[in-house]
1. What residue, of 117, 80, 125, 147, is charged (D, E, K, R) and farther than 22 Å from residue 25 by Cα?
2. Which members of segment 128-155 meet the condition of being of a type in the set (Gly, Ala, Ser) and more than 26 Å from residue 81 (Cβ to Cβ)?
3. Can you tell me which residues in segment 63-83 are modelled with pLDDT under 85 and surrounded by 15 or more Cβ atoms within 10 Å (Cβ to Cβ)?
4. Testing residue 13 on (1) modelled with pLDDT of 90 or more; (2) assigned to a helix (DSSP H, G or I), one condition comes back false. Which one is that?
5. Go through (1) in contact (Cβ under 8 Å) with a residue 12 or more places away in the chain; (2) under 26 Å from residue 183 (Cα atoms); (3) among the acidic types (Asp, Glu) for residue 97 and report which single condition fails.
6. Where residues in segment 113-150 are β-branched (Val, Ile, Thr) and open to solvent by less than 40 Å² (accessible area, probe 1.4 Å), which of them is nearest to residue 33 (Cα to Cα)?
7. Given the options 86, 108, name the one that is crowded, with 20+ Cβ neighbours inside 10 Å and in contact with a helix residue (DSSP H, G or I) (Cβ under 7 Å, 6 or more places away or on another chain).
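The values are calculated or read from the model by the stated rules, or taken from the named source; none is laboratory data. On a predicted model such as this, the values are computed, not experimentally measured, just so you know. Neighbour counts are summed over all protein chains in view; Cβ atoms, including those assigned to glycine, are modelled from backbone coordinates with ideal geometry. Note: areas computed on protein heavy atoms with side chains; ligands, DNA, RNA excluded. Shrake-Rupley method; radii C 1.70, N 1.55, O 1.52, S 1.80 Å.
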Amino acid sequence: LRPSLEDLEIRLALSGAPSPVGYSPAQIRSAYGIDQIMFGPLKGDGTGQTIAIVDAYDDPNLSNTDASFSTSDLANFDLEFNLPDPLFSKLNQYGTDIGAPSYTGPIPATDSTGTWEGKEALDVEWVHAIALGANIILIECNSDSAEDLLTGVTTAKNLLGVSVVSIGQSSDEGPSLQMVDDAFT
């Protein structure tokens, strides 16, 4: 049986263990056949694609502007699972690069509950684990309001080269969410 990513998320959240629990990126890529995807002679590892991930608030530990990138949570995830550093950038909901060392403007607030930081890390780390060669753009919105998140989605879909926009929702795909489907096309 293939584990669902939701099962993986639950296992990781409940474990509280200091070391990884659950499936490794290589196991997930193999279980779902992702490592076998080919487009003619090209491996389907995300190379040449740009994936924009829209989340709320800032996760200051996910990535940093350290020239070596070595102290961030994303770098530690990559190190743990022997993954290459991703092509990664962090923008605000309006498209300004807030991850650049020279950026001195406002950064979205952190989530006081810490809920979004964990979700944001999970989103970015697992997109990278599955699409190793993809360029990843994280869009951090000012809040988890529908207005801010839809602003982030609009920014993401209008960025040059973006082929995939991902946003996580913690609610069912009911009529209220279906009303915003047009925002993604």
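1. Values: 117 fails: farther than 22 Å from residue 25 by Cα; 80 fails: farther than 22 Å from residue 25 by Cα; 125 fails: farther than 22 Å from residue 25 by Cα.
On inspection, the qualifying residue turns out to be 147.
2. Restricting attention to segment 128-155, the residues satisfying the condition of being of a type in the set (Gly, Ala, Ser) are 129, 131, 133-134, 143, 145-146, 152.
Matches in segment 128-155: 143, 145, 146, 152.
3. Within segment 63-83, 63, 64, 69, 72 qualify.
4. Of the numbered conditions (1) modelled with pLDDT of 90 or more; (2) assigned to a helix (DSSP H, G or I), the odd one out for residue 13 is (1).
5. It is condition (1) that residue 97 fails.
6. To start, the set of residues in segment 113-150 that are β-branched (Val, Ile, Thr) comprises 113, 115, 124, 127, 130, 136-137, 139.
When the remaining residues are screened for being open to solvent by less than 40 Å² (accessible area, probe 1.4 Å), the result is 124, 127, 136-137, 139.
Numbers: 124: 20, 127: 15, 136: 22, 137: 25, 139: 29 Å.
So, considering only residues that are β-branched (Val, Ile, Thr) and open to solvent by less than 40 Å² (accessible area, probe 1.4 Å), the one nearest to residue 33 (Cα to Cα) is 127.
7. 86
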